Amino acid sequence: MTPDRLRAALEGAPDPDWLETALRRVAAEPGAVGRYFPAAARRCGRHDLPGAPGWTADEAARALLLAALPADQAAAQADEVYRYGDAAEKRAVLKALALLPIGDAGVPLLHDAIRTNDTRLVAAALGPYARHLAADAWRQAVLKCVFIGVPLAVVADLDDRADGELATMLAALAAERHAAGRQLPADATALLDRLTIREA
């Protein structure tokens, strides 16, 4: 997803003038993002965006606000609105991280989200920006998805990053669940099968 695609998907938003004003203000006065961020849902709506699958209007507007920040302010302001935001605002930050020129500065926000049991936060944390997670933290995050019921389809680059060590971890979890009369979710079983074939 790119800012241009998000902007195009937001065409027809309830209050387009508000968003344009907010984007200009944030670019000139980075601290203003804290005022505009919470208002995005009320001004732009919370509906799903057909032109940006997986995004809602408020998430797209918030991502555009962060993307409008000067590069040297993006990491600090993203951290600020995440720390003080509600769950919807936190998800928007997590989804926006891949659009920002911040290197791995947003990784602590991923760790924070993955520690929660909020399935939507965990899912948002495992989008494209999760490429910045170290391999061991990424594997643990994938296991967390299995534990709390987050579909593995939301994990960006899953098949590219999954490795023999993740296969070992999944196999151990499968054995534990089998002993307890339970099974892995179908998507986790399918991933384990693929990894077993690949590593054979």
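The values are calculated or read from the model by the stated rules, or taken from the named source; none is laboratory data. What you see is a predicted model; the values in this text were computed from it and never measured. Note: ideal-geometry Cβ built from the backbone for every residue, glycine included; neighbour counts use all protein chains shown. Quick note on the areas: whole protein, heavy atoms, side chains included, nothing else; ligands and nucleic acids left out. Shrake-Rupley method; radii C 1.70, N 1.55, O 1.52, S 1.80 Å.
Scanning for something closer than 27 Å to Ala74 by Cβ and in contact (Cβ under 8 Å) with a residue 24 or more places away in the chain, does the stretch 171-193 turn up at least one residue?
Looking for residues that are closer than 27 Å to Ala74 by Cβ and in contact (Cβ under 8 Å) with a residue 24 or more places away in the chain, one finds none in the stretch 171-193, hence no.
Answer yes or no: is there a residue in the stretch 34-52 that is more than 16 Å from Val93 (Cα to Cα), assigned to a strand (DSSP E or B), open to solvent by 30 Å² or more (accessible area, probe 1.4 Å) and charged (D, E, K, R).
Yes, because at least one residue in the stretch 34-52 is more than 16 Å from Val93 (Cα to Cα), assigned to a strand (DSSP E or B), open to solvent by 30 Å² or more (accessible area, probe 1.4 Å) and charged (D, E, K, R).
Give me the pairs, please: first residue somewhere in the stretch 16-42 and within 16 Å of Asp58 (Cβ to Cβ) and touching a residue at least 40 places away in the same chain (Cβ under 8 Å), second residue anywhere and in a helix (DSSP H, G or I) and of a type in the set (Ser, Thr, Tyr), beta-carbon distance under 7 Å, and either six or more positions apart or on two chains.
From the stretch 16-42, the pairs are Ala22/Tyr36; Val26/Tyr36.
Of the residues that make up the stretch 116-138, is at least one within 22 Å of Arg177 (Cα to Cα), out of contact with any Asp or Glu (no Cβ under 8 Å at 6 or more places or on another chain) and among the hydroxyl-bearing types (Ser, Thr, Tyr)?
Scanning the stretch 116-138, I find at least one residue that is within 22 Å of Arg177 (Cα to Cα), out of contact with any Asp or Glu (no Cβ under 8 Å at 6 or more places or on another chain) and among the hydroxyl-bearing types (Ser, Thr, Tyr), so the answer is yes.
Which members of the stretch 76-99 meet the condition of being open to solvent by less than 40 Å² (accessible area, probe 1.4 Å), out of contact with any Leu (no Cβ under 6 Å at 6 or more places or on another chain) and within 19 Å of Glu29 (Cα to Cα)?
Passing the criteria: Val81, Val93.
Anything in the stretch 120-153 that is open to solvent by 60 Å² or more (accessible area, probe 1.4 Å), at pLDDT 95 or above, in a helix (DSSP H, G or I) and under 17 Å from Ala186 (Cβ atoms)? List them, or say none.
Correct list: Ala153 only.
Please enumerate the residues belonging to the stretch 157-182 that are in a loop (DSSP other than H, G, I, E, B), surrounded by fewer than 11 Cβ atoms within 10 Å (Cβ to Cβ) and not hydrophobic (A, V, I, L, M, F, W, C).
Taking the stretch 157-182 and keeping what is in a loop (DSSP other than H, G, I, E, B), we get 157, 162-163, 180-182.
Adding the requirement that they be surrounded by fewer than 11 Cβ atoms within 10 Å (Cβ to Cβ) leaves 180-182.
Hits for the stretch 157-182 are Gly181, Arg182.
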